[in-house]
Amino acid sequence: MHQELRPIGFFTGEEYPDASEVLRLLEERIRKGILDKEYSMAAIGVDVNITTESEAMKKSAVQVRILDVNGITASEYIYELRNGEYFFE
């Protein structure tokens, strides 16, 4: 197993594939790569909309999914675009 950072991806054969299907297939292939010891771990960044407990309004966030032998751990980081710059809460 190599200890390097490298991008991975795949092509579904469709010009506009369904995003949830792409994520499902990507996670499936990454999990297989981890089990086959091709990767020790991986991360996927996803732009999502979430509703916070304190506000009923949806907010933009980056969800980071960490995949390793133990499964998937996800964390969300809320951000806002102001005057052309991104600010994280």
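Listing for the model above:
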read-out: Output for the stretch 63-75, where each listed residue is within 19 Å of residue 24 (Cβ to Cβ) and either in contact (Cβ under 8 Å) with a residue 24 or more places away in the chain or surrounded by 13 or more Cβ atoms within 10 Å (Cβ to Cβ) (or both); value: 63, 64, 65, 66, 67, 68, 72
read-out: Verdict on residue 86 being of a type in the set (Ser, Thr, Tyr), assigned to a strand (DSSP E or B) and either within 14 Å of the chain's Cα centre (by Cα) or surrounded by 13 or more Cβ atoms within 10 Å (Cβ to Cβ) (or both); value: no
read-out: Count - residues of the stretch 18-56 that are outside any strand (DSSP E or B), within 27 Å of residue 78 (Cβ to Cβ), over 16 Å from the mean Cα position of the chain (by Cα) and not hydrophobic (A, V, I, L, M, F, W, C); value: 4
read-out: Yes/no for residue 12 being among the polar types (S, T, N, Q) and closer than 25 Å to residue 80 by Cβ; value: no
read-out: Residues of the stretch 46-67 that turn out to be in contact with a helix residue (DSSP H, G or I) (Cβ under 8 Å, 6 or more places away or on another chain) and among the hydroxyl-bearing types (Ser, Thr, Tyr), as a count; value: 0
read-out: Single condition residue 11 does not satisfy, out of (1) under 16 Å from residue 67 (Cα atoms); (2) at pLDDT below 90; (3) among the hydrophobic types (A, V, I, L, M, F, W, C); value: (1)
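Residue-by-condition table, conditions (1) surrounded by 10 or more Cβ atoms within 10 Å (Cβ to Cβ); (2) charged (D, E, K, R); (3) without any contact (Cβ under 8 Å) to a residue 40 or more places away in the chain:
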position	(1), (2), (3)
9	no, no, yes
18	yes, yes, yes
35	yes, no, yes
41	yes, no, yes
46	yes, no, yes
54	no, no, yes
80	yes, yes, yes
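The values are calculated or read from the model by the stated rules, or taken from the named source; none is laboratory data. Note that this is a predicted model, so its numbers are computed, not measured. We place every Cβ from the backbone using ideal geometry, glycine too, and count neighbours over all the protein chains shown.
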